[in-house]
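The values are calculated or read from the model by the stated rules, or taken from the named source; none is laboratory data. These numbers were taken from a predicted model, which means no experiment stands behind them. Neighbour counts are summed over all protein chains in view; Cβ atoms, including those assigned to glycine, are modelled from backbone coordinates with ideal geometry.
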Amino acid sequence: MNMLTSLLVGAVVVAIGLVVGVRFLEPAFAFFPTAGETETPRDVGVPFEASTITTRDGERLRVWTLPHPVPRALVVYFHGNGGNLSVWSSILAGVQRQGVTVIAFDYRGYGASTGRPTERGLYSDVDAIVDAIARSDGYGIPIIFWGRSLGTAMAAYAATIRRPDGVILESGFPDAMSVTRSSPVMAFLSLFSTYRFPTADLMKKVSVPVLVMHGDNDSVIPYALGRALFDRINGPKQFVTLRGADHNDATPPDAAAYWNAVGSFVNSIAAQNRERRSDLR
């Protein structure tokens, strides 16, 4: 075997090793779940109902429903890649206090849900929650998909399988590659990854009002990526800068501006829904 052949064989072996290694490790880089369930919305004064749904591949997902007595909309909340529902309970309670019913769930491997998270697995989880909502047919109010961080990709995917009345994307990104691009090492390793989380490409298939929010002090997903995601969205859209907000703030420093933006968006979706129903009479 000559030197050139040896080098080619060595390169192939290294490439195969990188592919196998990256694909083995990629769940650990993408997901940071914690098990169990500690704090709930009830601990912060908001009643909730816990239930379980089963995915098509047999995983059981923990679901929280935070009902509002007179809801203006139903918000389906797709949380980020860290923690579990308990970590997000105060945020979910804050959303419910805006006059909406909230449904949130833990992805497989998170909280009290079974299984292990993968990108494909999370899409199956989204299929299950959207199917469950479609079967209920009892809400009679506009539906808004709200994704935060990694959850923006899940909300975008959900919107491609069931058209909502609106979408909220908070602290999101166009795709996984855009997140890793700032690190040469991670950018190189991502070439061998199967994970894509193509939020922007998914949103191209969606034609509903969209609210994009991003903190200008985000140390995890840079503010520029939130703008880049917004720029690639077609149709009616609005961008709100969360002044001084970092990625993991439960609510931004200017909480009033944050909730005003959310409330105005919900009001506009509810008004459009009333107009459509009136036109059908």
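Name the one entry in Gly58, Gly99, Gly94 that is small (Gly, Ala, Ser) and on the phi < 0 side of the Ramachandran plot. Give the derivation first.
Numbers: Gly58 fails: on the phi < 0 side of the Ramachandran plot; Gly99 fails: on the phi < 0 side of the Ramachandran plot.
Sole residue among the options that is small (Gly, Ala, Ser) and on the phi < 0 side of the Ramachandran plot: Gly94.
Entry remark, the stretch 92-132: residues being among the aliphatic types (A, V, I, L, M), under 14 Å from the mean Cα position of the chain (by Cα) and either more than 11 Å from Pro41 (Cα to Cα) or modelled with pLDDT under 95 (or both) number 6 in total. As a summary of the residue check, Leu61 satisfies the conditions (1) surrounded by fewer than 24 Cβ atoms within 10 Å (Cβ to Cβ); (2) modelled with pLDDT of 95 or more; (3) out of contact with any Pro (no Cβ under 7 Å at 6 or more places or on another chain) except for the one numbered (1).
Kindly establish whether Ala134 is of a type outside the set (Phe, Trp, Tyr) and surrounded by fewer than 19 Cβ atoms within 10 Å (Cβ to Cβ). Break it down into steps so the answer makes sense when it comes.
On the way: of a type outside the set (Phe, Trp, Tyr): yes; surrounded by fewer than 19 Cβ atoms within 10 Å (Cβ to Cβ): yes.
For Ala134, the condition - of a type outside the set (Phe, Trp, Tyr) and surrounded by fewer than 19 Cβ atoms within 10 Å (Cβ to Cβ) - is met.
One residue alone among Thr54, Thr38 is surrounded by 12 or more Cβ atoms within 10 Å (Cβ to Cβ), polar (S, T, N, Q) and modelled with pLDDT under 95, and that residue is Thr38. Does Leu122 count as without any contact (Cβ under 8 Å) to a residue 40 or more places away in the chain, among the hydrophobic types (A, V, I, L, M, F, W, C) and farther than 16 Å from Thr65 by Cβ? Yes. Within the stretch 99-117, the set of residues being among the polar types (S, T, N, Q) and buried (at least 19 other Cβ atoms within 10 Å of the Cβ) comprises Thr101, Ser113. Selection of first residues in the stretch 39-51 that are over 13 Å from Phe105 (Cα atoms) and of second residues that are surrounded by fewer than 18 Cβ atoms within 10 Å (Cβ to Cβ) and of a type in the set (Gly, Ala, Ser), restricted to Cβ pairs under 6 Å at least 6 apart or on distinct chains, gives the following pairs, ordered by first then second residue: Val44/Ser90.
So in the stretch 230-252, with the set limited to residues that are part of a loop (DSSP other than H, G, I, E, B) and acidic (Asp, Glu), which one is surrounded by the fewest Cβ atoms within 10 Å (Cβ to Cβ)? Top of the filtered list is Asp246.
Among the residues of the stretch 119-145, the one identified as in contact with a Lys or Arg (Cβ under 8 Å, 6 or more places away or on another chain) and hydroxyl-bearing (Ser, Thr, Tyr) is Ser124. Remark: pairs (first residue in the stretch 248-267, closer than 20 Å to Tyr223 by Cα; second residue surrounded by fewer than 14 Cβ atoms within 10 Å (Cβ to Cβ); Cβ separation under 8 Å; 6+ apart in sequence or on different chains) = Pro252/Arg243; Pro252/Gly244; Pro253/Arg243; Pro253/Gly244; Asp254/Arg243; Asp254/Gly244; Ala257/Arg243.
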